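**Student:** One structure, pasted below without further comment.
The values are calculated or read from the model by the stated rules, or taken from the named source; none is laboratory data. Small disclaimer: the values here were computed from a predicted structure and weren't measured. As a convention, Cβ positions derive from the backbone with ideal geometry for all residues, glycine included, and neighbour counts pool all protein chains shown.
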């Protein structure tokens, strides 16, 4: 009875968001210092400090900050000089930015279904999509779980392809002991407000390839010529990160391992408490992977007793926010006509059943216990 009363009281007085940033350290001090210096644009020292520190964290030599994760992906592809008929292999089950970044270059996104166990691109279905037009494989580390990169690298080597990690959701994740960002020719991260570390809006491209790093730096800033200012030999972009944003990012980075541990510990608590509930599939973690659980993601199966959308509506009645999984690229209005003759059953199933529960760095143990209690009550009430 006490538990029921607590649930009623909490549902009336709180709202638990899916994610919110957490500021533990030097964010205010660094931003204040940046403002006092007057170097608040992309020329300020915090930009280079953030780039150097983040690339070092990933275990690579070069970091190029950008205005978003999407622009990091576009910039990475732009450095490879893709042509309109070129093709880039991506999963259908991903956020729209992955496909859009390819389309920005004029190249074609070629879609591959996901595998059902870890929800990432099905590496066994990539080779059948490779042809003479293929230039890049772009795996996405979905919801913080790394892809099986060894298979992807072998395919890339066999066919002479680039690999670009879409690591927007996977800061600090590891594949066989190596961090995401160090597993490919180029990797791209997002620092949006709901990510493991944030700059509010922002992103970064990281690479060990010095030539690609230099080219991306030029393209990022409208391709100003080194020998003559305001002289442009190539079409570039306005994709720079400000020093104010980088100051926040640098402070966030100082606590990234704390944030990763928060996500992992919260995920383990969720899984422990939800494990006994029939009809819920818990998020996976391969033995060779370190999942950082950017989102605590579950599947609502047919035997749960209600569909995913009904369940989400009932969570809202308790003051608990949630999100659906991504809608696959092949059903998006702007892309669906291009893939009418292809089928992606796993992506469809994930999209239909998937839900992201509150997962942010601010999430506390008592909130997780409350959320799970509400889920149990929702399921019990549905049986009455």
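**Student:** Is it the case that residue 121 is free of Cβ contacts under 8 Å to residues at least 40 places away in the same chain and either within 17 Å of residue 326 (Cα to Cα) or under 14 Å from the mean Cα position of the chain (by Cα) (or both)?
**Tutor:** yes
**Student:** What's the total number of residues in region 307-340 that are closer than 22 Å to residue 16 by Cα and in contact (Cβ under 8 Å) with a residue 60 or more places away in the chain? Outline the logic, then answer.
**Tutor:** Going residue by residue through region 307-340, those that are closer than 22 Å to residue 16 by Cα are 307-326.
In the following step, the residues that additionally are in contact (Cβ under 8 Å) with a residue 60 or more places away in the chain were identified as 311, 314-315, 317-323, 325-326.
The total comes to 12.
**Student:** Taking the stated definitions as given, is residue 348 without any contact (Cβ under 8 Å) to a residue 24 or more places away in the chain and either assigned by TED's automatic domain parsing to the domain that holds residue 193 or buried (at least 16 other Cβ atoms within 10 Å of the Cβ) (or both)?
**Tutor:** Yes.
**Student:** If you go through region 252-268 one residue at a time, do you hit one that is surrounded by 17 or more Cβ atoms within 10 Å (Cβ to Cβ) and over 21 Å from the mean Cα position of the chain (by Cα)?
**Tutor:** No, the conditions are met nowhere in region 252-268.
**Student:** Right, something else. Only one residue in 28, 40, 7 is assigned to a helix (DSSP H, G or I), modelled with pLDDT under 95 and touching a helix residue (DSSP H, G or I) at 6+ places or on another chain (Cβ under 9 Å), so which one is that?
**Tutor:** 7
**Student:** Does region 167-178 contain at least one residue that is buried (at least 16 other Cβ atoms within 10 Å of the Cβ), over 23 Å from residue 358 (Cα atoms) and without any contact (Cβ under 8 Å) to a residue 60 or more places away in the chain?
**Tutor:** no
**Student:** Could you check residue 92 against (1) at pLDDT 95 or above; (2) over 16 Å from the mean Cα position of the chain (by Cα); (3) more than 30 Å from residue 253 (Cα to Cα) and say which number it fails?
**Tutor:** For residue 92, the exception is condition (2).
**Student:** Looking only at residues that are part of a loop (DSSP other than H, G, I, E, B) and touching a strand residue (DSSP E or B) at 6+ places or on another chain (Cβ under 8 Å) in region 334-345, which one is farthest from residue 296 (Cα to Cα)?
**Tutor:** Looking at residues that are part of a loop (DSSP other than H, G, I, E, B) and touching a strand residue (DSSP E or B) at 6+ places or on another chain (Cβ under 8 Å), I get 342.
**Student:** I'm trying to understand the selection: among the residues of region 299-333, which are in contact with a strand residue (DSSP E or B) (Cβ under 7 Å, 6 or more places away or on another chain), outside any loop (DSSP other than H, G, I, E, B) and surrounded by fewer than 16 Cβ atoms within 10 Å (Cβ to Cβ)?
**Tutor:** Residue satisfying the conditions is 324 alone.
**Student:** Within region 92-100, can one find any residue that is under 19 Å from residue 178 (Cβ atoms), touching a residue at least 60 places away in the same chain (Cβ under 8 Å) and either in a loop (DSSP other than H, G, I, E, B) or outside the structural domain of residue 291 (by TED's automatic domain parsing) (or both)?
**Tutor:** no
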